[in-house]
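Shown next, in C-alpha cells, is the structure this report addresses.
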Amino acid sequence: MLEKIAATRYVTPLREGGSLPGVVEADDLGTYVVKFREAGQGRRVLVAEIIAAELGRRLGLRTPELKLIDLDPQLGIREPDEEVQDLLKASTGLNLAVDFLPGALGFEPLAWVADPLFASKVVWFDGLIHNIDRSWRNPNLLVWHHEPWLIDHGAALWFHHNWRTADPQRPFDAGDHVLTPYATDVAGEGALLAAKITRELLETVTALVPDEWLRDEPGFDSPGAVREAYVDHLLRRAHGPGEWLVRTEQGAPRHGPGSVGEFWRGGSR
C-alpha cells in the first residue's frame with residue numbers, strides 16, 4: 001500500500017486541467033499536487049494514475065512519488081471558491097497526492113531535446129497503458145534537475161470506463177504523441193520493457209490501489225477481481241501478438257511538431 005498522509009492546508013487550485021487538482025500541504029511537511037476522488041471522472045482516474053505511474057517507475061521511467069492523502073471535511077470550510085469548496089467536501093477521505101516538483105519546467109523542444117532511447121521507451125509505454133494524453137497540446141512531461149519526468153496519467157487505461165469493450169490489442173495511434181519525432185527504436189526499446197513485465201510485477205502495482213476505489217465496479221464481485229482484470233489486460237497487451245504496436249521510422253530523430261504523425265505500422269512486432 002502507498003504511504004498515507006493527512007492534508008493540513010489547501011494552498012491553491014491548478015486550473016490547467018478540467019479535474020481541478022490542487023496544491024496541498026501535508027502532515028509530513030511535504031507539498032503535493034492532489035488529485036481528488038470526486039473530480040472529473042472520479043476514482044477511476046486515480047486508479048489509472050497509480051497503476052500507470054507505479055508501473056512506469058518500475059520500468060525505469062521517472063514519475064513523481066505517490067502517496068494516499070486523507071482529506072478532513074473541515075479543510076474546505078474557509079475556501080472562498082465555491083467550486084473548490086464543494087470539491088473538497090465531496091472528496092473527504094482518501095485522495096491521491098503526487099509529489100510537487102518545485103522549479104520543474106514544462107517540456108519545451110527548443111530548450112530540451114529528448115534522448116531517442118527515452119522517447120522510444122515512452123512512446124511504447126504510453127501505447128501499453130493506452131495513454132492518449134501526451135501530445136504537443138498537453139505534453140505531461142516535466143524537466144526537473146535536467147531529467148525528464150512523466151506526470152498526469154489519469155487519461156490512461158481508459159478501457160476501464162467500459163470493461164465490456166476492453167481489448168488488449170486495441171491499436172494505439174501515436175501520431176499525436178509529443179515524443180514521436182525523437183523515437184527511433186520503439187520496437188527495440190519496447191521489447192526490453194516488455195521482458196520486465198511479469199504477472200508478479202503487475203500484481204505488485206495493482207495492489208497499491210486502495211480497495212475502496214475498486215469496490216462496486218460494474219461486472220466485478222470484489223476489488224481483487226478488478227485487480228486481476230487489470231493484470232490480465234496489461235499482461236496480454238505486453239506479451240500478445242503486438243498488433244497495437246506503432247513504431248517510428250528508423251534513422252535520425254526529427255524535431256518539431258511538423259513531423260508528428262510520420263509513423264508506419266507493420267514489420268517485426
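The values are calculated or read from the model by the stated rules, or taken from the named source; none is laboratory data. Computed from a prediction, not measured in an experiment: that's the story for all the values here. Reconstructed Cβ throughout: ideal geometry from the backbone, glycine too, with neighbour counts over all protein chains shown. Side chains are part of the model used for accessible areas, which takes the heavy atoms of the whole protein and leaves out ligands, DNA and RNA. Shrake-Rupley method; radii C 1.70, N 1.55, O 1.52, S 1.80 Å.
Observations on the structure shown:
- Model label sites at GLU82 and GLU200, defined 7 Å from Cα along the beta-carbon direction, differ in position by 5.6 nm.
- Computed from Cα atoms, the angle from the helix 116-128 axis to the main principal axis of the chain rounds to 70 degrees.
- Stokes-Einstein diffusion for the chain, with the hydrodynamic radius set to the Kirkwood value over Cα pairs and evaluated at 4 °C in a medium of 1.567 mPa s, equals 67 µm²/s.
- Stretch gain in nm, segment ARG57-GLN169, where the contour uses 0.36 nm per residue and the Cα spacing is subtracted: 38.0 nm
- Packing, taken as the mean count of other beta carbons within 10 Å per residue, orders the peptides 147-153, 81-87 from highest to lowest as 147-153, 81-87.
- Inter-label distance for THR12 and ALA225, nm, one decimal - labels placed 7 Å from Cα along Cα-to-Cβ: 4.6 nm
- In this structure, ALA191 and VAL23 have a Cβ-Cβ separation that, at R0 = 35 Å, corresponds to a calculated FRET efficiency of about 0.35.
- Å² of accessible area per residue within segment 1-142, as computed with a 1.4 Å probe and no ligands counted: 45 Å²
- Accessible surface of the chain, 1.4 Å probe, proportion on carbon and sulfur as whole %: 51 percent
- For segment 40-57, backbone phi angles converted through the Karplus equation (6.51, -1.76, 1.60; θ = phi - 60°) give residue-by-residue couplings of x, 8, x, 5, 4, 4, 5, 4, 4, 4, 5, 4, 5, 5, 6, 5, x, 4 Hz, Gly and Pro being listed as x.
- Environment charge at GLY30 (Cβ cut-off 12 Å; Lys +1, Arg +1, Asp -1, Glu -1): -4
- Summed side-chain charge close to ALA119 - residues other than ALA119 whose Cβ falls under 10 Å, Lys, Arg +1, Asp, Glu -1: -2
- Kirkwood-type radius of segment 105-242, with distances r between different C-alpha atoms, in Å: 16.2 Å
- Computed from the alpha carbon positions, the gyration tensor of segment 4-100 leads to an equivalent ellipsoid with semi-axes of 22, 14, 11 Å, biggest first.
- With the highest mean first, a sort of the peptides 20-26, 238-244, 105-111 on other beta-carbon atoms found within 10 angstrom per residue produces 20-26, 238-244, 105-111.
- Label point 7 Å beyond Cα of THR92 along Cβ direction - residues of segment 1-22 with amide nitrogen under 16 Å: 7
- In order through segment 58-74: 3J(HN,Hα) via Karplus (6.51 cos²θ - 1.76 cosθ + 1.60), integer Hz, x for Gly, Pro: 6, 9, x, 9, 7, 9, x, 4, 10, 9, 8, 10, 8, 10, 7, x, 6
- Simple label model, 7 Å out from Cα along Cβ direction - ASP99 to GLU243, nm: 4.0 nm
- HN-Hα J in Hz across segment 139-153 - Karplus 6.51, -1.76, 1.60, θ = phi - 60°, x for Gly and Pro: x, 6, 10, 10, 10, 9, 6, 6, 10, x, 10, 8, 9, 6, 10
- Packing here is the average count of other Cβ atoms within 10 Å per residue, and on that basis the peptides 29-36, 117-124, highest first, run 117-124, 29-36.
- From helices alone, the chain scores -8500 deg cm²/dmol at 222 nm; the rule is -39500 (n - 2.57) for each run of n ≥ 4 DSSP H residues, then divide by the residue total.
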